[in-house]
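Rule-based calculations on the coordinates, nothing more; no lab input. Just so we're clear, the structure is a prediction, and the values are computed from it rather than from any experiment. Positions of Cβ are backbone-derived with ideal geometry, glycine not excepted, and every protein chain shown enters the neighbour counts.
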Amino acid sequence: LALMGLVVCLVMVRTVVDYVKPYEYGIKQVNIGVRRGVLEKVYTPGYWFVKPFGMEKMHHFPRQLQVLDMTLTEKGTSTNPSHTYDRAAKIQTSDGFFVDVDATILYRIVDPYKVMTTLGPGQMYLTNGVLPKAEPILKQALGELNTEDFFNSPRRTEKTEKARAALDTELR
């Protein structure tokens with residue numbers, strides 16, 4: 001009977017308390033109540049009260065630096081814990097040839113409330129935010145090079161910096 005009481009208490013605590021990990025932000029969404037919608041308050045690491053039965057939900061966003069690898073890999077072969085996009089950026093050069101470019105994009109979520117309200121919960125920041133903006137910017141900046149320029153390090157670096165600046169502006 002005591003064990004059953006303990007199990008019931010644990011289940012109740014698990015339904016009304018949400019844990020935001022040290023490397024996460026929390027954003028609360030109220031589904032039922034007076035103040036419905038996404039709350040502007042950013043929840044720091046710790047235990048937070050969340051109304052049970054779907055009345056409120058805590059969404060989690062990573063706080064640390066994120067890595068997006070756009071590279072040609074076979075599914076399941078990447079041992080890197082970062083996000084891996086299973087195809088490289090296919091760039092058409094100024095002389096009409098196609099070049100596969102492996103790119104690594106580093107980013108960090110600074111305002112989780114803005115990310116939640118503009119892009120959505122979960123990993124939508126990646127699928128609706130970073131990926132759709134990164135590939136066209138890479139194609140535009142690196143597409144100005146001809147095929148031989150990809151082996152010319154100063155020219156390639158110049159165009160890569162142009163792409164980085166454009167992506168910074170776009171994602172901000």
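Can you tell me which residues in the range 84-132 are free of Cβ contacts under 8 Å to residues at least 24 places away in the same chain, among the aliphatic types (A, V, I, L, M) and loosely packed, with under 12 Cβ neighbours inside 10 Å?
VAL110
Find the residue count for the range 28-47, including only residues that are among the aromatic types (Phe, Trp, Tyr) and under 21 Å from VAL110 (Cα atoms). Lay out the reasoning, then the answer.
Initially, the range 28-47 is screened for residues among the aromatic types (Phe, Trp, Tyr), giving 43, 47.
Now restrict to residues that are under 21 Å from VAL110 (Cα atoms): 43.
Within the range 28-47, residues that are among the aromatic types (Phe, Trp, Tyr) and under 21 Å from VAL110 (Cα atoms) number 1.
Go over the candidates TYR19, TYR25 one by one and state the one that is more than 14 Å from ASP111 (Cα to Cα) and part of a strand (DSSP E or B).
Result: TYR19 is the single residue among TYR19, TYR25 that is more than 14 Å from ASP111 (Cα to Cα) and part of a strand (DSSP E or B).
Looking only at the range 147-172, count every residue that is under 13 Å from GLN92 (Cα atoms) and loosely packed, with under 15 Cβ neighbours inside 10 Å and tell me the total.
The total comes to 2.
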